[in-house]
Amino acid sequence: MARSLYEAIIDGVLGGGVYALMAVGLTLIFGVLDIINIAQGILVVLAAYLSYVLSVHLHIDLFLGLLVTVPAMFLVGVTIQVLFMRPLRGRERVSMSLLASYAVAIILEGVLYAVFGPGTVQLNAWYVTKGVQVLGGPQPYYLPYIYLFGFGLAVLLVGVIYVVLYRTQFGRSVRATMQDQTAARLIGIDVGRVAAVTFGIGVAVTAVGGMVFGSLNAFNANSGYDLISRLLAIIILGGLGSIGGALAAAVFMITVESVVDIWSPSWSVVVFYAALILVLTVKPTGLFGKREARAQ
Amino acid sequence: MRPHGTRFLTLTTVAASAAMVLASCGGGSSSSSSGGGGSKAPIMIGVSLSQTGDFSADGQAFTRGYNLWANYVNSHGGLLDGRKVKLIILNDNSDPTTVQANYTKLIASDHVNLVFGPFSTLLTVPSAKVAARYGYAFPEGAGGGPAVFQLGLRNVFAVSPPIADQLVPFAEWVAALPASERPKTAAYPMVNDPFADPMTQTAQGILQKAGVKTVYAHIFPAENPDYKAGADQVAATGAQLVIVGSVDVPTVTAFITAFEQQHYNPKIFAATAGPDQGAAFLKAVGPGNATGIFVPNGWYPGLANSLSQQFVQAYNAKYGGTPADVNADSAEAYSVGQTVAQAVAGTKSIDNKVLIAWLHSHPTTTVQGPARYSGIGMNVVAAKFIFQWQHGAKFAQVLPAGAPGSVPIVNPKPAWGQG
């Protein structure tokens with residue numbers, strides 16, 4: 001039993017890193033723009049397909065391919081913000097953004113179906129199936145390199161975004177926009193540009209999440225739906241808008257789920273959401289709620 | 001002006017989004033093969049299929065099978081003295097609620113003459129109830145789970161083999177292996193699905209009686225995007241045999257990826273669905289990982305049945321590829337059409353009450369072989385086959401061993417990547 005518990009905790013921590021890669025962008029976009037980007041799940045899938053095209057058709061290594069997919073996803077994000085989000089104004093802007101991002105998800109899903117068809121694909125590389133042995137015994141336990149690299153990237157990305165937000169001029173503009181868009185505009189900040197760039201960054205980081213997700217799962221255009229509910233739960237638990245909170249919540253949630261999996265996989269999903277409700281009951285703003293995040 | 005503009009934009013966004021949601025949920029398309037314009041009204045046949053969602057790959061294969069049948073019928077004079085058939089296909093997004101709404105619309109609003117079944121037991125259960133409420137016959141090709149027959153409906157006709165028994169030839173083969181070759185332990189991870197679980201549990205019962213100890217048997221939620229932790233638990237048991245109760249390629253792939261990561265190679269590996277998806281499965285797992293994997297099904301392109309051979313030829317002529325590319329789902333759909341065509345020819349009617357009575361008292365023949373229906377619509381004479389991926393990315397029929405075209409089993413399964 002102890003052995004299973006160790007394995008589940010390791011699986012949860014590293015798997016949490018993978019989810020954090022997908023959730024960080026979502027929470028960043030909410031933090032700055034007050035937009036819950038329902039399209040984040042399908043954007044993860046789009047990023048996975050981009051990695052797939054580079055890997056299969058151009059034989060570019062998945063990690064090297066990020067040099068192409070990250071900027072490409074940034075442009076996708078900026079385009080979505082300019083075309084679909086920027087025109088939304090007024091008191092109903094937040095609820096309208098939900099619908100608009102859902103519309104984006106449906107459009108992207110349709111395009112991906114048309115281009116790639118309904119069949120599933122998976123990304124392959126040596127580090128997906130190879131790993132380092134950490135537990136011995138008759139059936140040794142291995143830590144797959146892809147999880148290690150994914151977790152490392154998640155920590156790195158959170159760090160980079162933190163530095164950008166809190167140690168750069170652009171970050172100050174972003175935080176000013178987070179606190180009060182009107183005041184930010186009055187002191188000369190180009191709020192429209194900040195919004196577009198932030199949305200672009202939020203989508204660009206999904207390039208990394210999509211690559212790791214696509215390495216671990218066969219996916220098709222429909223795969224985004226199973227993801228989005230979990231990603232939303234993670235960023236709510238972490239505190240909407242909190243980058244570090246997303247990482248902490250992802251690790252916490254996936255670890256809880258993995259541990260419950262030992263006894264009953266059918267309860268693991270229930271516990272996943274029960275943990276969310278429990279934490280929110282005690283601390284309604286999540287682990288690192290919006291107010292706290294913006295006060296950092 | 002600004003408020004006006006914003007309001008307009010808001011309304012536009014809402015309307016556009018709502019339209020797209022509706023389109024994705026219940027968007028329809030109709031297809032027919034005209035083959036010449038007769039003056040008689042076409043026979044309208046309503047179908048709900050999963051063009052999107054979890055069953056989208058299967059749904060599209062079903063669409064091909066139904067369309068191929070409609071083309072064949074229309075190019076051979078139609079049904080009932082020259083009436084063409086016209087398919088009205090709605091998308092159910094693999095969702096049980098939407099599929100129910102679709103059949104209600106097809107019957108009560110579109111007034112189709114006949115309906116054909118959707119893909120999967122999960123979607124057949126709610127659909128069959130709708131059809132029964134309106135007195136429609138419900139021939140279907142992919143709803144063979146016990147949950148369908150437990151409804152006790154007399155309008156259901158499952159043309160494919162009942163799925164609860166589909167792994168029986170496999171389990172009996174394992175049970176009959178010499179003691180030195182027979183696995184000592186087995187693991188049964190299953191997704192929560194009325195197709196996957198009965199089949200897996202029936203096999204588990206046979207294997208337990210044969211002395212194969214169950215070391216893992218858990219049911220996962222159907223909408224689970226992450227099987228890594230569960231698969232690692234299975235690997236930790238070191239079970240010598242694994243049956244994954246799956247409904248799609250991603251589930252099986254997730255287990256294979258995790259097993260490979262853990263250097264865990266069960267001697268025997270089977271899945272209830274996924275490996276039957278041909279090129280889609282190979283593309284996801286790679287030929288080196290596919291070899292040795294078993295999957296049950298009721299049909300294969302090499303089936304020694306003249307109807308089946310004609311179907312395969314027609315399929316390749318219309319959609320291209322080789323016989324190996326023909327998906328069993330398409331054959332199941334085609335069988336539904338054939339069943340109805342025989343009933344219409346036998347009764348010279350498209351009255352659903354008449355068709356139901358005829359199908360309960362007459363055998364039919366389809367590309368899948370003979371069919372005869374019990375009072376609850378189970379095909380009691382259907383053949384059951386077990387397939388295995390073998391070296392060279394070959395999908396071979398291996399059980400029953402005496403069936404035409406059957407080849408020897410690869411046992412044990414090669415290590416991952418070595419197949």
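Coordinate-derived values only; no laboratory data. In this text, all values refer to a predicted model and were calculated from it rather than measured experimentally. Quick reminder, even Gly has a Cβ in these numbers, built from the backbone with ideal geometry, and neighbours come from all protein chains shown.
Near A:LEU143, the amide H atoms lying under 5 Å from its own belong to A:VAL132, A:GLN133, A:VAL134; only residues 5 or more places off or on other chains count, and H is placed 1.01 Å from N.
Among B:PRO194, B:PRO404, B:PRO139, the residue with the largest mean-square fluctuation in a Gaussian network model of chain B, with springs joining Cα atoms closer than 10 Å, is B:PRO404.
Among rounded, prolate and oblate, which fits the protein assembly as shown when a ≥ b ≥ c are the square roots of the eigenvalues of its C-alpha gyration tensor, a/c under 1.5 means rounded, and a/b larger than b/c means prolate? In terms of gyration-tensor shape, oblate. Given R₀ = 25 Å, what would the calculated FRET efficiency be for B:SER306 paired with B:SER75, taking r from the Cβ atoms and rounding to 0.05? Rounded to the nearest 0.05, the efficiency is 0.85.
Between the helical axis of A:40-57 and the longest alpha-carbon principal axis of chain A there is an angle of about 60 degrees.
Model label sites at B:SER180 and A:ILE9, defined 7 Å from Cα along the beta-carbon direction, differ in position by 4.5 nm. Among B:THR214, B:THR364, B:THR322, sorting on how many other beta-carbon atoms sit within 10 Å of each Cβ, with the fewest leading, yields B:THR322, B:THR214, B:THR364. Taking θ as phi - 60° and the Karplus parameters 6.51, -1.76 and 1.60, the scalar couplings of segment B:263-271 work out to 6, 9, 10, x, 5, 10, 9, 9, 9 Hz in sequence order, x denoting glycine and proline.
Under 1.5 on a/c is rounded, so check that first for segment A:52-122, then, if it is not, pick prolate when a/b is larger than b/c and oblate when it is not; a ≥ b ≥ c are the square roots of the alpha carbon gyration tensor eigenvalues. Oblate is the answer for segment A:52-122, as a/c is 1.5 or above yet b/c matches or exceeds a/b. Taking a ≥ b ≥ c as the square roots of the Cα gyration tensor eigenvalues, segment A:205-282 comes out oblate, since a/c reaches at least 1.5 and a/b does not exceed b/c.
Rounded to the nearest 500, the helix-only mean residue ellipticity at 222 nm of the protein assembly as shown stands at -18000 deg cm²/dmol, with each DSSP H run of n ≥ 4 adding -39,500 (n - 2.57).
Span-like helix criteria (full DSSP H runs; alpha carbon extent of at least 27 Å along the helix axis; mean Kyte-Doolittle hydropathy of at least -1.0) are satisfied in chain B by B:2-26, B:56-75, B:328-347.
For segment A:2-295, dividing the convex hull volume of the Cα atoms by the residue count gives 138 Å³ per residue. Each residue of segment A:259-273 was assigned a 3J(HN,Hα) from its phi angle through the Karplus curve 6.51 cos²θ - 1.76 cosθ + 1.60 (θ = phi - 60°); the sequence is 5, 5, 3, 4, 8, 7, x, 5, 8, 4, 5, 4, 5, 3, 7 Hz, with glycine and proline shown as x. The base-10 log of I(q)/I(0) for chain B, evaluated at q = 0.08 Å⁻¹, reads -0.45 [Debye formula, identical scatterers on Cα atoms, solvent excluded].
Ranked by how many other Cβ atoms sit within 10 Å of their own Cβ, fewest first, the residues A:VAL53, A:VAL197, B:VAL344 fall in the order A:VAL53, A:VAL197, B:VAL344. Here the simple spin-label model places points 7 Å from the Cα toward Cβ, and for B:VAL354 and B:LYS394 these points are separated by 5.0 nm.
Amide H contacts of B:GLY417: B:ASN289, each under 5 Å away and 5 or more positions distant or on a separate chain (H built 1.01 Å from N in the peptide plane; Pro and chain starts excluded).
Backbone phi angles across segment A:196-213, fed through the Karplus curve with coefficients 6.51, -1.76 and 1.60 (θ = phi - 60°), yield HN-Hα couplings of 5, 5, 5, 4, x, 5, x, 7, 4, 5, 5, 4, 6, x, x, 5, 5, 4 Hz in residue order; Gly and Pro are listed as x.
Compactness check for segment A:1-152: Cα Rg over 2.2 N^0.38 Å is 1.27. Considering only B:ALA270, B:ALA164, B:ALA132, the Gaussian network model of chain B with Cα springs below 10 Å gives its largest mean-square fluctuation to B:ALA132. Ordered by the number of other Cβ atoms lying within 10 Å of each residue's own Cβ, fewest first, A:ASP226, B:ASP92 fall into the sequence A:ASP226, B:ASP92. The mean sequence distance of close C-alpha pairs (under 8 Å, at least 6 residues apart), as a share of the length of chain B, puts its relative contact order at 16 percent. Modelled spin-label separation between B:ALA210 and B:ALA41, with each label point placed 7 Å from Cα along the Cα-to-Cβ direction: 5.6 nm. Distant-in-sequence amide contacts of B:ILE293, defined by a placed amide H-H separation under 5 Å and a gap of 5 or more residues or a different chain, comprise B:TRP389.
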